[in-house]
Amino acid sequence: MLSAQERARVMQVWDLIAGHEAQFGAELLLRLFTVYPSTKTYFPNLGACPDRVQLLSHGQRMLEAVGVAVQHLDHLRAALSPLADLHAQVLRVDPTNFPLLIQCFQVVLAAHLQDEFTVEMQAAWDKFLTGVAVVLTEKYR
Ligand code: ZNH
């Protein structure tokens, strides 16, 4: 669980992203597909030749879900339950992909926010995203 200080840091970072979900999300996906090409196999419409409009639209949906998680830090499991069903039962994304996305997310944040994205913020954000990934992958069993 996140400490009060970690929560504050997660919120602080989210305030910098909010309103730019599509751009951050598109960059995240492009980075994920480029650095870890195997992740493209899950996105038949998007991975092969990433189209800017689709990257923005899927990126926005993904980041909006992250925003929902930020608003429900105490109830991640309940808030993300439908999304967990989708990833486990429909999309069947292998859980090993989540740490790859988390890593790319942090690089995108660092590239944008630079000195504003402090070591402490990265630590809090890593813990938060790992919590989200745990919820999204726990219905696989
Ligand atoms: Zn995911 C989808 C989120 C991870 C793959 N996703 C999705 C969506 C969302 C999300 C919101 C949409 C839904 C609807 O529409 O309903 N994800 C998310 C998050 C995360 C994720 C938050 C983390 C953090 N995913 C992921 C990964 C992968 C994926 C890692 C792989 C690699 N997803 C996916 C897919 C899809 C999704 C494939 C589908 C797409 C379409 O639709 O096309």
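What Kirkwood hydrodynamic radius do you get for region 1-123 when you take the inverse of the mean 1/r over all pairs of distinct Cα atoms, in Å?
15.2 Å
Cα gyration tensor of region 53-100, axes a ≥ b ≥ c as square roots of the eigenvalues: rounded (a/c below 1.5), prolate (a/b > b/c) or oblate?
oblate
Classify region 1-48 from the C-alpha gyration tensor, please: rounded if a/c falls under 1.5, else prolate or oblate depending on whether a/b exceeds b/c.
Taking the square roots of the gyration eigenvalues as a ≥ b ≥ c, region 1-48 is prolate.
What is the order of GLU6, GLU64, fewest Cβ neighbours within 10 Å to most?
Final ranking by Cβ density, sparse to dense: GLU64, GLU6.
Which whole-angstrom value gives the distance between the alpha carbon centres of region 44-74 and region 121-141?
16 Å
If we count other beta carbons within 10 Å of each Cβ, what is the order of ARG7, ARG52, fewest first?
The fewest-first ordering by Cβ neighbours comes to ARG52, ARG7.
Just so you know, all these numbers are worked out from the coordinates, no wet-lab data involved. Model, not experiment: these values are computed from the prediction. When we count neighbours, we look across all protein chains shown, and the Cβ atoms used for this are built from the backbone with ideal geometry, even at glycine.
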